[in-house]
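Working notes, structure below.
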Amino acid sequence: ILQPAGTLLDLYGEDIRARAYVTADPVHGEMMLRPDFTVPVVEAHMAGGAEPARYCYMGEVFRRQDHRGAARANEYLQAGYEVFDREDPEAADAEVFALFARLLAHLRLTSTIGDIGILRAAVEGIDTIAPRKAALARHIWRPRRFHGLLQRYAGITPVPGGRAALLSAGAPEGAPWIGLRSPEEMAARIAVLRADAAAAPIPAEVVAQLDALFALSCPAEEAPARLSALGLASLPPAIARLERRLAAMAARGIDTSALRFEASHGRTTMEYYDGFVFTFTAADPALPPVASGGRYDALTRFLGQGREIPAVGGVIRPGLVADLEAQA
């Protein structure tokens, strides 16, 4: 239940502090009540699990709620299923989704899928300097920040005034050095900012294509054709993976015409998802997702210190399932 906070903060960013219970231990340092299971399960697997491997678990997780989520529990059970398998990642995606669909079928939930890998491929394909692509990729999970950066890189919104003044004037001669960064670090940062200022703007038509991609919502079976029609040259490999995943789902009895695809789905959830994402939601919009999950290959690389294995999983809130069953 009590996890070292350092790894979780590295993965989720400081934003997780607003949702987690953090405490300090005089021996072990900063600790956090477990906000979810995926990270500790991956850590345990990368420390010596078999390959392939499948894990099922249930236990308590803890999330602080703000005033808008006052009706939600801050301590609840989470049941999950995780698959580590190199053989066929799209088949593993379909396995997890179909299992959840079968377990939850009696509740008549709405299921939605997405693919963070498609968004990452689109960003990687932009014809611009590497630092800009890296910044956009880092902020895919922060939609407002992402689209603000995109507008600035396209020259639609101006560079912040303080940055423009720094680049034009620099530090006054003989000025005292104040702050924790070294002069060398600041010089490197200013060089990056100058390269950004000198870079050509991202063309308006590319911005329009990206905006259309992030806004795409359609029946899942239509998604490959709709994505191809956007004309983004970097998407075909990611679209091919989506097609294989949909075929694997259909082979497991999933009606892809009744399944919703949203290109931006999963952008405001856990940042370690880097591919397929899904949720099952009830009709009441005030309720959290009954189940959610996705693919997190990069997380295994991060926690495996260079060693990695394709991995996908998801969680169900059994308490919410029981509440919905009681209302049926």
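The values are calculated or read from the model by the stated rules, or taken from the named source; none is laboratory data. For clarity, every value in this text was computed on a predicted model and none was experimentally measured. We place every Cβ from the backbone using ideal geometry, glycine too, and count neighbours over all the protein chains shown. Accessible surface areas use protein heavy atoms only, side chains included; no ligands, DNA or RNA. Shrake-Rupley method; radii C 1.70, N 1.55, O 1.52, S 1.80 Å.
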Does Ala165 fit the bill of being part of a helix (DSSP H, G or I) and modelled with pLDDT under 70?
yes
Those residues of the range 41-54 which are surrounded by fewer than 18 Cβ atoms within 10 Å (Cβ to Cβ) and either part of a strand (DSSP E or B) or at negative phi (or both) amount to Glu43, Ala44, Ala47, Gly49, Ala50, Glu51, Pro52, Ala53, Arg54
Filter result for Thr279 (open to solvent by less than 30 Å² (accessible area, probe 1.4 Å) and among the hydroxyl-bearing types (Ser, Thr, Tyr)):
yes
Which residue, of Phe97, Phe84, is open to solvent by less than 10 Å² (accessible area, probe 1.4 Å) and farther than 19 Å from Ala263 by Cα?
Phe84
For Ser257, work out the one condition from (1) under 27 Å from Ala44 (Cβ atoms); (2) modelled with pLDDT under 95; (3) over 15 Å from the mean Cα position of the chain (by Cα) it doesn't fulfil.
(1)
Against the condition assigned to a strand (DSSP E or B), touching a Gly at 6+ places or on another chain (Cβ under 6 Å) and open to solvent by less than 40 Å² (accessible area, probe 1.4 Å), how does Val312 come out, does it pass?
no
Does Asp255 satisfy being without any contact (Cβ under 8 Å) to a residue 12 or more places away in the chain and closer than 27 Å to Leu320 by Cα?
yes
Taking Gln305 and the conditions (1) polar (S, T, N, Q); (2) open to solvent by 30 Å² or more (accessible area, probe 1.4 Å); (3) in a strand (DSSP E or B), which numbered condition does it fall short on, given that it satisfies the others?
(3)
Limited to the range 245-275, what total is found for residues that are over 22 Å from Thr300 (Cβ atoms), charged (D, E, K, R) and part of a loop (DSSP other than H, G, I, E, B)?
2
Would you mind telling me which numbered condition in (1) assigned to a loop (DSSP other than H, G, I, E, B); (2) of a type in the set (A, V, I, L, M); (3) at pLDDT below 95 Leu299 fails?
(1)
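Each row is one residue, and each column tells you yes or no for (1) polar (S, T, N, Q); (2) surrounded by 13 or more Cβ atoms within 10 Å (Cβ to Cβ); (3) at pLDDT 95 or above; (4) touching a helix residue (DSSP H, G or I) at 6+ places or on another chain (Cβ under 9 Å).
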{"site": "Asp196", "(1), (2), (3), (4)": "no, yes, no, yes"}
{"site": "Pro201", "(1), (2), (3), (4)": "no, yes, no, yes"}
{"site": "Ala212", "(1), (2), (3), (4)": "no, yes, yes, no"}
{"site": "Leu216", "(1), (2), (3), (4)": "no, yes, yes, yes"}
{"site": "Leu230", "(1), (2), (3), (4)": "no, yes, yes, yes"}
{"site": "Ile239", "(1), (2), (3), (4)": "no, yes, yes, yes"}
{"site": "Leu242", "(1), (2), (3), (4)": "no, yes, yes, yes"}
Being surrounded by fewer than 13 Cβ atoms within 10 Å (Cβ to Cβ), among the aliphatic types (A, V, I, L, M), within 26 Å of Val277 (Cα to Cα) and at pLDDT 85 or above, is that true of even one residue in the range 143-155?
no
Part of a loop (DSSP other than H, G, I, E, B) and touching a residue at least 60 places away in the same chain (Cβ under 8 Å), is that true of Ala238?
no
Return the only residue of Arg68, Arg72 being surrounded by 14 or more Cβ atoms within 10 Å (Cβ to Cβ), at pLDDT below 90 and not aromatic (Phe, Trp, Tyr).
Arg72
Here are some residues: Ser234, Ser257. Which one is within 30 Å of Ala98 (Cα to Cα), touching a Gly at 6+ places or on another chain (Cβ under 9 Å) and open to solvent by less than 80 Å² (accessible area, probe 1.4 Å)?
Ser234
Enumeration of residues in the range 84-142 that are within 15 Å of Ser264 (Cα to Cα) and touching a strand residue (DSSP E or B) at 6+ places or on another chain (Cβ under 7 Å)
Ser111, Thr112, Ile113, Gly114, Asp115, Ile116
How many residues are touching a residue at least 40 places away in the same chain (Cβ under 8 Å), under 20 Å from Pro143 (Cβ atoms) and more than 20 Å from the chain's Cα centre (by Cα) if we restrict to the range 210-233?
2
Ala250: in contact with a Phe, Trp or Tyr (Cβ under 8 Å, 6 or more places away or on another chain), among the small types (Gly, Ala, Ser) and surrounded by 14 or more Cβ atoms within 10 Å (Cβ to Cβ), yes or no?
no
Which of the residues that make up the range 178-206 are assigned to a loop (DSSP other than H, G, I, E, B), within 19 Å of Gln151 (Cα to Cα) and β-branched (Val, Ile, Thr)?
Ile202
